[in-house]
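All remarks here apply to the structure that follows.
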Amino acid sequence: MISMKQKTRGFLSGSALVYTLIVLSVLLTVSLGMMTSSMTDFRSASSVDRSAQAFQVANSGAEEILKKIKDNPNVRIDNLGLGSCTTKDTIEKSLTVGSYQVSFMDKDRKLLKCSKPVNEVEIIKSVGSYADSVRAVENFVPKP
């Protein structure tokens, strides 16, 4: 016959196992939550970096075009020395860290053809691409 003491000891060792499994489950859940949070933060930081890089590429394109316009005020857009215009009347340029596409507009924000003179350009829009991010910058062209 099994004594009461032996029954109690069996019950206590079984409850210790259950308690240990509950604690391990809680620890595993907390660890997985922290790992998921860290991965989300990492993805967010990477996305911000790519977006900032795309903005820098767009801004570089705008600055380069503005300098060319200032140095060559009496030429046509396609003669700025930055390459040929595309069929969309934009200038595209690839850099080591991305690429940009610049379009030219008049004061009414109408797209200008590349055959127009530079002195008709009032606004430029530079769109920079880096990895899967795209950012745009618009600048007014200062008149002398």
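Bear in mind these aren't lab numbers, they're just calculated from the coordinates by the rules spelled out. Because the structure is a prediction, the values reported are computed rather than measured. Quick reminder, even Gly has a Cβ in these numbers, built from the backbone with ideal geometry, and neighbours come from all protein chains shown.
Going from the fewest other Cβ atoms within 10 Å to the most, the residues R109, R50, R135, R76 appear in the order R109, R76, R50, R135. Sorting I69, I124, I77 from the fewest to the most surrounding beta carbons within 10 angstrom yields I69, I124, I77. For the chain, a Gaussian network of Cα nodes joined below 10 Å ranks V75, V18, V121 by mean-square fluctuation, and the top entry is V18.
Let's see if you can work this out: charge +1 on each Lys and Arg Cβ, -1 on each Asp and Glu Cβ, no other charges. What is the dipole magnitude of the range 4-140 about its Cα centre, in debye to the nearest 20? Charge dipole of the range 4-140: 760 debye, to the nearest 20.
Estimated from the Cβ-Cβ distance and a Förster radius of 30 angstrom, the FRET efficiency linking E120 and T96 is about 0.40. Annotation: extensible slack from T86 through S31 equals 14.5 nm (criterion: 0.36 nm per residue apart, minus Cα-Cα distance). Neighbour counts of C-beta atoms inside 10 Å place D108, D71, D89 in the sequence D108, D71, D89, starting with the fewest.
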